[in-house]
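What follows is one structure encoded as structure tokens, with my remarks underneath.
Please treat every number below as a calculation from the coordinates, not as lab data. Everything numeric in this text was worked out from a predicted model, so none of it was measured. In this analysis, Cβ positions are derived from the backbone assuming ideal geometry, glycine residues included, and neighbour counts consider all displayed protein chains.
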Amino acid sequence: TLLPRDYAAIWAKSDETRINFVDFIDSGNPKLQDWSVKYYLVDRLFEIKEDISFKLLAKEGQYELYELPNAKPRFRYEDDSAVEPTSFKENPNQINLTVVNVGHKSLIVADRYDRNWLAWINGQEIAIENQDGMRRLPLFDGKNNIELKYAPKWFYYGLMISLLSLAGGLFWVIVLGKKKSL
């Protein structure tokens, strides 16, 4: 697991997180449960000093896959009970799910909070709240058609600038090419 720099502070282990430095996260850390981490992969090529007394699910060469107990559901209500969507579709930039809600106030998605995620419930744009670094959405009673989209505005600004630069370059080549042929 690679943790972004700002999440090292949340996990209270280090502020030096980078691609070649993965913070040590004790397998008993309750945040693993909160973040819905159900599996623990161990590379036995390296010396392991911690006690790993979880259920071994698979072993392939030097790798061992363990199941951590008590992982909370990735999609859950504020009381940590599991959300059972009637429909679900996900890709890296979008999540669509339908939830029939009775009496719950919010949905927690155990994915990293990022202000570039946008949300709509029943077609109405809503604010995504930061719940201990995870996403929290208010819910309505009854049917909730939830749509989450990742829309990083700086990426789109950069894409627009790149396309305008490409168009300008092509225009320059075409105009310059016509002047040379005259």
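Return P(r) of segment 61-138 (all Cα-Cα pairs; 10 Å bins starting at 0; whole %; ordered from short to long distances).
15, 48, 25, 8, 3, 0
Can you give the relative contact order of segment 73-164 as a percent, counting alpha carbon pairs under 8 Å and 6+ residues apart?
29
Please give the net charge around Ala82, taking every other residue with its beta carbon less than 15 angstrom from that of Ala82, where Lys and Arg add +1 and Asp and Glu add -1.
Around Ala82, the charge tally is -1.
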